[in-house]
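*Asks:* The structure under discussion is supplied below as structure tokens; questions concerning it will follow.
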Amino acid sequence: MAGLFPNGGICAVVVGRRAAEMRRALRLALRHARTIELRLDWLRGDAEIERMIRWIDGNRRKLGTGSRVTLIATCRRVQAGGKFRGSVARQIGLLRGAAAAGCAWLDLEIESAEKISHVEFRELRRGVRVLVSFHDFRTTPRNLRPVSARLARVGGDAIKIAAQAGGLRDALRVLETARGGRRVVAVPMGDAAAAARILALRAGAALAYAPVGEATAPGQISFEQMSSLYRAGRLTRRTRVYAVIGDPIAHSLSPQLQNAGFRARRMDAVYVPVLVRDLRDFLAAIEPLGISGFSVTLPHKEAILRHLDDCDPLAAQIGAVNTVVVRGGVKLYGYNTDYVGVLRALERRLPLVGSSVLVLGAGGSARAVAFALARAGANIRICARRLQKAQALARAVGGEAIERKRLRSEFFDAIVNTTPVGMFPGVGESPLEARELNCRLVFDLIYRPAETRLLRLARRRGIETVSGLQMFLAQGMAQWEIWTGERAPVREMAAAVAHLA
């Protein structure tokens, strides 16, 4: 595959409505990228496209086209999910101009490729390589072999299959088309396919697309993240893969935290986010993706227990797991490091023995909090939307369930929010009103934002506050140590997320 795109497999995607705007984006991309796709169809009209092509032609030496930089020209028509509204003949003409200006590759969608003659296609390929592409922005076709065969029949230099993935199962089927050393660009699209996009080059795809600026397809990850955070261009079959699973997952800073640890210790490992709505879909992808371990967040911390081969006794007692080690490719072993995070966040601020603590929520995180504080000697109260679930957790820790209407008249040493209310992007929400905050300390497990609306309400009332960032760091570093067997690089990992929360 190195022969196809010798200047690198991460392809920076450049867009712009005007030629001047696209030139600025191209200059930005050239700071770090050496394989760049120019989405000419995004330009407003033929005049702007021609202006951009002339500029490329006049700046060949400065750009280093053909040697230091590989430019791919794309002018996708509306019928294939692009923005170009002209005829196929006009599209081909503009692409020929881009090739003459120094673009080494042209991306021509199958819909247009099939409308021109074999003679015209051979003419188009003269002095340039052609990537014949297929896009489905709705779903992943049930059978991708006919799609591959259809693309191959056109006779280009490589083929591209891009399809919207409903989950990892779909994304893996798209990646499978790139196996075997064929000249294939496999692009799983959609939020559920983010991890597969990051791992595409590792799986054998010839390119992985990443925008510089505005995204051009569903689920794209920025070039900066692809190249720096995930180091996607350096991943190989030997790279160990770790993940964080949840729904939602976009808010998670775990990739920044864990990947900083791997970089600091110079480990050949990567940690990727996986949007998981169906837990079984993810579990089926563990072995194909080569996942060595994963973090578990909302809403799967309790459900994952049913799928484990073994579990740490404390995690089993808590009834929630946030850390899984994969052994032998398929055996799952569960742990709970939230427990450690809670104690590290609170023990220096509050004498836990005999303290009265209200735990808001009754899910997986609430279970870890309640068990940790109860074992430390605190008196636990549980308040949750579902009274039955609150009562079950209260019984498990020797505490008491309390209805919300009683909060205005009760006093606690600490209130701990374990619900997602107030988490990014719903930053304007709070699980409690100011008059319900009758306590000395409020601890919110949410770490993004670092100061939630709940914590602001508490601070205005003169109540001490504790951000979830401290617990996040403690539990995350404990996870890292479980997976690697080494001491976590505390300073580097903390610095990686301090300015992002």
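*Asks:* What pairs can you find where one residue is in the range 139-167 and assigned by TED's automatic domain parsing to the domain that holds I116 and farther than 17 Å from R122 by Cα, the other is acidic (D, E) and surrounded by fewer than 21 Cβ atoms within 10 Å (Cβ to Cβ), and their Cβ atoms are less than 7 Å apart, with a gap of 6+ or different chains?
*Replies:* A163/D136; Q164/D136; G167/D278; G167/D281
*Asks:* For R306, indicate whether it is of a type in the set (K, R) and either under 16 Å from T484 (Cα atoms) or modelled with pLDDT under 95 (or both). If you could, list the steps in order and put the result at the bottom.
*Replies:* Values: of a type in the set (K, R): yes; either under 16 Å from T484 (Cα atoms) or modelled with pLDDT under 95 (or both): no.
So R306 does not fit the description; no.
*Asks:* Something else: With respect to the numbered conditions (1) touching a residue at least 40 places away in the same chain (Cβ under 8 Å); (2) in contact with a Cys (Cβ under 8 Å, 6 or more places away or on another chain); (3) outside any loop (DSSP other than H, G, I, E, B), which one is the sole condition not fulfilled by A73?
*Replies:* (1)
*Asks:* When you look at P146, is it loosely packed, with under 15 Cβ neighbours inside 10 Å and either in a strand (DSSP E or B) or modelled with pLDDT of 95 or more (or both), yes or no?
*Replies:* Against the criterion (loosely packed, with under 15 Cβ neighbours inside 10 Å and either in a strand (DSSP E or B) or modelled with pLDDT of 95 or more (or both)), P146 qualifies.
*Asks:* Here is a further query. Among the numbered criteria (1) surrounded by fewer than 19 Cβ atoms within 10 Å (Cβ to Cβ); (2) within 20 Å of R150 (Cα to Cα), which single criterion is violated by A113?
*Replies:* So A113 meets the others, but not (1).
*Asks:* Take the residues in the range 170-183 that are closer than 18 Å to G290 by Cβ and within 21 Å of the chain's Cα centre (by Cα); name whichever of them is surrounded by the most Cβ atoms within 10 Å (Cβ to Cβ).
*Replies:* A171
Rundown of residues vs (1) basic (K, R); (2) surrounded by fewer than 21 Cβ atoms within 10 Å (Cβ to Cβ); (3) under 22 Å from H251 (Cβ atoms), yes/no style:
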position: S356; (1), (2), (3): no, yes, no
position: A372; (1), (2), (3): no, no, no
position: L387; (1), (2), (3): no, yes, no
position: R395; (1), (2), (3): yes, yes, no
position: K405; (1), (2), (3): yes, yes, no
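*Asks:* Okay, next question. Just checking, which of P431, P425, P449 is under 28 Å from the mean Cα position of the chain (by Cα) and modelled with pLDDT of 95 or more?
*Replies:* One residue alone meets the criteria, P431.
*Asks:* All but one of (1) assigned to a loop (DSSP other than H, G, I, E, B); (2) farther than 21 Å from W105 by Cβ; (3) in the same structural domain as G167 (by TED's automatic domain parsing) hold for E224; state the number of the condition that does not hold.
*Replies:* The failed condition is (1).
*Asks:* Output the number of the condition that E120 fails; it satisfies all remaining conditions of (1) under 31 Å from the mean Cα position of the chain (by Cα); (2) farther than 20 Å from G16 by Cα; (3) among the acidic types (D, E).
*Replies:* Here E120 clears every test but (1).
*Asks:* Moving to a separate point now. What residue, among those in the range 144-169 that are over 16 Å from R182 (Cα atoms) and not hydrophobic (A, V, I, L, M, F, W, C), is nearest to the chain's Cα centre (by Cα)?
*Replies:* Once the filter is applied, the top-ranked residue is G167.
*Asks:* Looking at the range 39-68, which of its residues are in contact with a helix residue (DSSP H, G or I) (Cβ under 7 Å, 6 or more places away or on another chain), outside any loop (DSSP other than H, G, I, E, B) and crowded, with 23+ Cβ neighbours inside 10 Å?
*Replies:* L40, I49, M52, I53, I56
*Asks:* Only one residue in A186, A203, A217, A193 is farther than 17 Å from Y271 by Cα, among the hydrophobic types (A, V, I, L, M, F, W, C) and free of Cβ contacts under 8 Å to residues at least 40 places away in the same chain, so which one is that?
*Replies:* A186
*Asks:* On to the next question. Here is a list: A205, A186. Which entry is within 22 Å of the chain's Cα centre (by Cα), surrounded by 24 or more Cβ atoms within 10 Å (Cβ to Cβ) and part of a strand (DSSP E or B)? Spell out how you get there, then give the answer.
*Replies:* Details: A205 fails: part of a strand (DSSP E or B).
Being within 22 Å of the chain's Cα centre (by Cα), surrounded by 24 or more Cβ atoms within 10 Å (Cβ to Cβ) and part of a strand (DSSP E or B) holds for just one of A205, A186, which is A186.
The values are calculated or read from the model by the stated rules, or taken from the named source; none is laboratory data. The structure presented is a predicted model; accordingly, all values stated were derived computationally and were not measured. So basically every Cβ, Gly included, is an ideal-geometry build from the backbone, and we count neighbours across all protein chains shown.
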